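The values are calculated or read from the model by the stated rules, or taken from the named source; none is laboratory data. Bear in mind the structure is a predicted one, so any value in this text is a computation, not a measurement. Neighbour counts are summed over all protein chains in view; Cβ atoms, including those assigned to glycine, are modelled from backbone coordinates with ideal geometry.
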Amino acid sequence: MQLLSYIGSARIVDSLLVVSRDDPEPTLRKEALRYIAARPWDVAQPILQRAAAADPDPGVREYAEQTLEGRLGRTMESPSGNFIHDRIARMLDYVVRRSEFSLPDGARIRTVPLADNVEIDEVKHYGDRAIPALSEYLTSEDSSHKNLAMRFLGSYRYQRYHRTSGKSSAYRRLASGAQDSLAMACPGARAASLTDYPAGSKQRS
């Protein structure tokens, strides 16, 4: 299926559409939607909207909803603070849920929640307006949400704020809190997630 995503013909899109709509496996339907989402938006949007409204699997519906919301967020020129706050809350919840699995014996496990490049790009698009929403999770008792927020803060946009001489006092407090949280979770470690520099290395000016 990965090869199909790189071929832009209408026939290939039609093939992915059939999989996204008719395949009995929810995992394959969701994977087809992921490749469709990379097609021109006028082609992808109605397919995602149909999946969000009508797919029988809640995981597929949620994926389509999140993809539609993310696209809206990345294309808005001036999203409101409330929109950003609510969107980040939904995104973090979704990424955490995406990391949870059921074993054959019914036990639930959670792997490390990781945002994909599209989700990271969306947070970068919001810029420093995302900082207040992300900062709320630094004191969360849920380590998955807290660590995911710190990873978002480690994206390029926030590295730039961290290195800029005119960085805001709000960001300095946020970075300090993230470093303290990571130090408590991983004694002896530095908050490399905020700077992308390995522990012990020196940052170039």
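Enumerate the pairs (first residue in the range 1-23 and surrounded by 12 or more Cβ atoms within 10 Å (Cβ to Cβ); second residue anywhere and modelled with pLDDT under 80) with beta-carbon separation below 6 Å, excluding pairs fewer than 6 apart on the same chain, so at least 6 apart or on different chains.
Pairs found: Ile12/Leu4.
I need the full set of residues from the range 78-128 which are on the phi > 0 side of the Ramachandran plot and either assigned to a loop (DSSP other than H, G, I, E, B) or within 13 Å of the chain's Cα centre (by Cα) (or both), in order please.
Gly106
Which condition does Gln66 not pass, out of (1) touching a Lys or Arg at 6+ places or on another chain (Cβ under 8 Å); (2) of a type outside the set (Phe, Trp, Tyr); (3) over 24 Å from Ser144 (Cα atoms); (4) buried (at least 19 other Cβ atoms within 10 Å of the Cβ), if it passes all the others?
(3)
Report yes if some residue within the range 75-89 is hydrophobic (A, V, I, L, M, F, W, C), closer than 23 Å to Ala38 by Cα and surrounded by fewer than 16 Cβ atoms within 10 Å (Cβ to Cβ); otherwise report no.
yes
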